[in-house]
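K.L.:
Before we start, here is the structure in question, set down as structure tokens.
Laboratory data are not the source of any read-out in this text; all were calculated from the coordinates shown. Computed from a prediction, not measured in an experiment: that's the story for all the values here. Don't worry about glycine lacking a Cβ; one is built from the backbone with ideal geometry, like all the others, and counts go over all protein chains shown.
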Amino acid sequence: MTLSLLIAGIIFIASLQQSLSGFGFALISMPILVHVASIQVAAPLVAILALLLNIINGYRWRDAFDLSELKRVGVWMLLGVPVGIWGILALDSHVVNWGLGILLVAYALFALLRPDVLPMVSSRWAYPAGFVAGVLGGAYNTAGPPLILYGSLRSWANQKFRAVLQSLFAVSASVVVLGHLLAGHYTRPELTRITYATPALLLGIFLGARLERHLKPTWLKKWMTLITLFLGLSLLLR
């Protein structure tokens, strides 16, 4: 019971963050859940909640949806997801945790040190970005960093950024959930934790939608980056 309530609180904070900025759910929830439970508990739980979150937020920002980007990136994401799921099953948990820590620190440093003006890249970069995002989504539910980098280098507008990310996250999460389902990871205790966490997820989405217009996007990005850096370092120093 105590663990389920703690997980629900973590899910609430993470869903609020993503509902405000368009990303960050897994970047916040995964490293914290790894600390309080394990990667085997966190991965399937975050995957199914992320799927619900991305469907709802995708509907909120549907007017800025871009089908061409979804096709370009989505196919390669689908190829990468099974590789990531295999990784968390085959590799030692310490290796998996270290990998997540390195990913978070690398992303945070990029976000903090990136120049104001980035070069425009070809849409062909969607293929490696999508595959790496799929691998990270399958392993850690954190498909965001390579997609955020790709979107930044393609100069996506803010609303398009959020809409495209939600659709791509939903694609990744759908396959990840199916993989965990086939692997038998949704046990009775896991389903109980999901039941407790779902109302917290919905509350975070509701508050995020209400607060979105009152907060500056630049402030949210800086806050998200600092949290990500701290969580990544905490995993490496654990």
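K.L.:
How much length is gained if the chain between residue 203 and residue 114 is pulled fully straight, taking 0.36 nm per residue apart and subtracting their Cα-Cα distance, in nm to one decimal?
P.N.:
28.7 nm
K.L.:
Based on the mean of other beta carbon atoms within 10 Å per residue, what is the order of 166-174, 226-234, 182-190, 79-87, most packed first?
P.N.:
Highest to lowest by the protection proxy: 166-174, 79-87, 226-234, 182-190.
K.L.:
Got the relative contact order for segment 14-155 handy, in percent, Cα pairs under 8 Å and 6 or more residues apart?
P.N.:
Computed value for segment 14-155: 31 percent relative contact order.
K.L.:
Taking θ = phi - 60°, what integer Hz values does the Karplus form 6.51 cos²θ - 1.76 cosθ + 1.60 yield along segment 68-77, in sequence order, with x for Gly and Pro?
P.N.:
4, 5, 4, 5, 4, 8, x, 4, 6, 4
K.L.:
Right, next: Set the Förster distance to 30 Å, then compute FRET efficiency between residue 64 and residue 125 from the Cβ-Cβ distance, nearest 0.05.
P.N.:
So, using R0 = 30 Å, E works out to roughly 0.90.
K.L.:
For residue 102 and residue 40 in the same chain, what is the full-extension length gain: residue separation times 0.36 nm, less their Cα-Cα distance, in nm?
P.N.:
Residue separation times 0.36 nm, minus the Cα-Cα distance, leaves 20.4 nm.
K.L.:
I would also like to ask the following. Order these by the 10 Å Cβ neighbour count, fewest first: 212, 69.
P.N.:
Starting with the residue having the fewest Cβ neighbours, the order is 212, 69.
K.L.:
Are there trypsin sites (Lys or Arg not before Pro) in segment 63-160 that DSSP puts in a loop and that have at most 10 other Cβ atoms within 10 Å, and which ones?
P.N.:
Passing both the DSSP loop test and the Cβ count: no residue.
K.L.:
Once you sort the root eigenvalues of the Cα gyration tensor of segment 1-100 as a ≥ b ≥ c, which label holds: rounded (a/c under 1.5), prolate (a/b larger than b/c) or oblate (the other case)?
P.N.:
Taking the square roots of the gyration eigenvalues as a ≥ b ≥ c, segment 1-100 is oblate.
K.L.:
To continue, here is another question. Roughly speaking, what is the centre-to-centre gap between segment 63-130 and segment 9-33 when only Cα atoms are used, to the nearest Å?
P.N.:
Centre-to-centre (Cα) distance: 17 Å.
K.L.:
For the chain, what class follows from the C-alpha gyration tensor (a ≥ b ≥ c being the square roots of its eigenvalues): rounded when a/c is under 1.5, otherwise prolate if a/b is larger than b/c, else oblate?
P.N.:
rounded
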